[in-house]
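Taking it in order: structure first as structure tokens, then the write-up.
The values are calculated or read from the model by the stated rules, or taken from the named source; none is laboratory data. Computed from a prediction, not measured in an experiment: that's the story for all the values here. Here Cβ is always computed from backbone atoms with ideal geometry, including for glycine, and neighbour counts include all displayed protein chains.
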Amino acid sequence: MTALLAQARSCLETVFGFPSFRPGQEEVVQAVLDGQDVLAVMPTGSGKSLCYQLPALVRPGVTVVVSPLISLMRDQVGQLREYGVAAASLNSTNDPAESRRIHESLRDGSLRLLYVAPERLVRPDTAALLREAKVGLLAIDEAHCVSQWGHDFRPEYLGLGKVRESLGGVQTIALTATADTPTRSDIGQKLFDAPPRTFIRSFDRPNLRLAMRPKANARRQILDFVAAHRQDSGIVYCSSRRRTEELAAVLSEAGYKALPYHAGLEAGTRNTHQDIFLQDDGVIIVATVAFGMGIDKPDVRFVAHADLPANVEAYYQEIGRAGRDGLAADTLTLYGLDDMRLRRMQIEQGEASEERKRIERQRFNALIALCEAPRCRRQTLLAYFDETSGPCGNCDLCLDGVDAFDGTVEAQKAMSAILRTGERFGTEHLVDILIGNPSDGVKRYGHETLPTFGVGRDRNANEWRSIFRQLYAIGLTVLDIGEYGRWTVTERGRQVLRGEERVELRKDVLRPTASKRGLKKAARAAAEPTNDKDAALLASLKSLRRDIARDIRQPAYVVFTDRTLLDMVNLRPETLEQMHLVHGVGQAKLEKYGATFLNIIALHSRGT
């Protein structure tokens, strides 16, 4: 172990109160400490921020962090200051006095981390200030925003490569929670002058329960789902502004503290709703995708999609806002034919290039394959990111099972069509062959003469599309997103063709409108106390946390996360030394809050 890594480990415990690195963190921190440029793709909740915060504490020079939202910068700076770390943010909301203090701390070298929005960073005066300050590391958060293939492309990120050059080619770490192969390649080209050291952590979030259901009565299904989370914070995503308003009203009438959030709201209202969600417990935000990036609230216990997300990456990013503290959390996604039509229309009517639209079509098809997966849903999701896993036991398909039938013959017909056309064609061309439709494309290649032409007339085109998505979901075929959506057959698929393995497919999703499958009441997700005494103590600790947070004008989790409070309940510390053993209690927080929280624990232990 290097001396710098030993110092970083010490800071991890003394400053942040964590006894050890999470999986994948140490390797990234070591690479940064070694001076390497890094691209880190790590799931939400895996501790990406520490990968640049720890090096910032043990090396000279200020670390500049590029962050897309002022609210996110504000919360992260607030958290770091609570840990006793010298941090600041340079943004348009700063008053002149605050800006002067930041400039002075940059010049005297006392500032360890400076958070800057990309729009501010590309300004010549900001670059000049930072060149004078001797930047040691440039950390680019939400790095997928730099890529046209990413799910949240932002033009202002395109100038960051030039900023890096203007700072003398400063060492850079780019971080994102989700980026497929095209996105990773684009990030590397736009931000670095040579290939960075790349780390791709597992995309698995085992604490999230995954569930998807065909829409029946969306309002009732959402109400049934949130009923298991009466005291929890959660997010419900909708596809339109009107839907957020309507569903927030429905939830409010049912007794929940539910607030709408979308870009059409007046800015003050929007910010107020976001602050209430961040600072209070038991609040549900009903939002469009305008809400989410920059929300660093670790104790979100559920995420529901009342409407289908845009693609797999968006789905993964949005459900990833639940359970960031590592505790159990629930997800539910509802989907219907209207959703599918809407998303496809948005792709086709968008102003993107034809190449971009082609990629988006394939990404959307992969999401539908996830909805209709005939096996463990987590296996299908991870396969999209080129990972393999066994059945998870924590998704609706593992827990509830599926209405399946022997689809071996259908699978053989579909894969035969793929192979007989040279593994060069996409879904629609293959469907035309199977149902015997002599389309222009089929005739152009002479495919109406193939033995497979018309062998699938017993099913309609929509059923065959579902079968193709299911074959992809169970790993018999591969959809090449970067190669015009062409299908290829895996070795396991060839075994099915040879009759060495049978295939089960889902009956209930072949004709989605006929599905009457109900939504079972969601399981309780949060790790809650199992007895009344512990529950009472937790409630008192949360009340104290809330009062402190309001006094310092910070979200409650900036004081202590739910996981930390639960650890207090379980360990029942009696001294400051014992309190220091609680997860997330670093030295600065121990000195600020340790005695106050110990007093509450002592009162409950005495039964008063």
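Given 509, 503, 585, which one is in contact with a strand residue (DSSP E or B) (Cβ under 8 Å, 6 or more places away or on another chain) and at pLDDT 90 or above?
Values: 509 fails: at pLDDT 90 or above; 585 fails: in contact with a strand residue (DSSP E or B) (Cβ under 8 Å, 6 or more places away or on another chain).
Selected residue: 503, the only one of 509, 503, 585 that is in contact with a strand residue (DSSP E or B) (Cβ under 8 Å, 6 or more places away or on another chain) and at pLDDT 90 or above.
Suppose we keep only residues that are hydrophobic (A, V, I, L, M, F, W, C) and assigned to a strand (DSSP E or B) within the stretch 94-121. Which one would you say is nearest to residue 53 (Cα to Cα)? Write out each step before concluding.
As a first pass, look at the stretch 94-121 and keep what is hydrophobic (A, V, I, L, M, F, W, C): 97, 102, 106, 111, 113-114, 116-117, 121.
Add one more test, that the residue is assigned to a strand (DSSP E or B), and what stays is 113-114, 116.
Values: 113: 8, 114: 11, 116: 15 Å.
Checked the stretch 94-121; the qualifying residue nearest to residue 53 (Cα to Cα) is 113.
Within the stretch 39-61, which residues are touching a residue at least 60 places away in the same chain (Cβ under 8 Å), buried (at least 23 other Cβ atoms within 10 Å of the Cβ) and over 20 Å from the mean Cα position of the chain (by Cα)?
53, 55, 56
Report those helices (runs of 4 or more DSSP H) wholly inside the stretch 259-351 carrying at least 1 residues which are of a type in the set (Ser, Thr, Tyr) and crowded, with 23+ Cβ neighbours inside 10 Å.
Details: elements: 267-279, 312-319, 337-349.
Result: 312-319.
Answer yes or no as to whether residue 172 is in contact (Cβ under 8 Å) with a residue 60 or more places away in the chain, closer than 24 Å to residue 347 by Cα and among the hydroxyl-bearing types (Ser, Thr, Tyr).
Spelling it out, it is not the case that residue 172 is in contact (Cβ under 8 Å) with a residue 60 or more places away in the chain, closer than 24 Å to residue 347 by Cα and among the hydroxyl-bearing types (Ser, Thr, Tyr).
Being among the hydrophobic types (A, V, I, L, M, F, W, C) and assigned to a helix (DSSP H, G or I): is that true of residue 581 here?
no
Being out of contact with any strand residue (DSSP E or B) (no Cβ under 8 Å at 6 or more places or on another chain) and either in contact (Cβ under 8 Å) with a residue 60 or more places away in the chain or among the small types (Gly, Ala, Ser) (or both) is the filter here; which residues of the stretch 78-111 pass it?
78, 79, 82, 83, 84, 92, 97, 110
Condition first: among the hydrophobic types (A, V, I, L, M, F, W, C), under 19 Å from residue 316 (Cα atoms) and assigned to a loop (DSSP other than H, G, I, E, B). Now tell me which residues in the stretch 385-414 satisfy that.
Across the stretch 385-414, the qualifying residues are 385, 392.
Among residues belonging to the stretch 1-38 that are part of a helix (DSSP H, G or I) and among the polar types (S, T, N, Q), point out the one that is nearest to the chain's Cα centre (by Cα). Talk me through it step by step, then tell me what you get.
Quick first cut of the stretch 1-38, residues part of a helix (DSSP H, G or I) only: 3-14, 25-33.
With the extra rule that they be among the polar types (S, T, N, Q), the set shrinks to 7, 10, 14, 25, 30.
Values: 7: 30, 10: 29, 14: 29, 25: 18, 30: 25 Å.
If we take residues in the stretch 1-38 being part of a helix (DSSP H, G or I) and among the polar types (S, T, N, Q), then 25 is nearest to the chain's Cα centre (by Cα).
Select from the stretch 63-73 the residues that are crowded, with 22+ Cβ neighbours inside 10 Å and not in a loop (DSSP other than H, G, I, E, B) and list them in ascending order.
Of the stretch 63-73, the ones crowded, with 22+ Cβ neighbours inside 10 Å are 63-67, 73.
Scanning the stretch 63-73 gives 63, 64, 65, 66, 73.
Tally up the residues in the stretch 445-500 that are among the small types (Gly, Ala, Ser), in a helix (DSSP H, G or I) and surrounded by 18 or more Cβ atoms within 10 Å (Cβ to Cβ), please. Steps first, answer last, please.
Residues of the stretch 445-500 that are among the small types (Gly, Ala, Ser), as a first pass: 446, 454, 456, 461, 466, 473, 475, 482, 485, 493, 499.
From what's left, in a helix (DSSP H, G or I): 461, 466, 473, 493.
Adding the requirement that they be surrounded by 18 or more Cβ atoms within 10 Å (Cβ to Cβ) leaves 466, 473, 493.
Number satisfying all stated conditions: 3.
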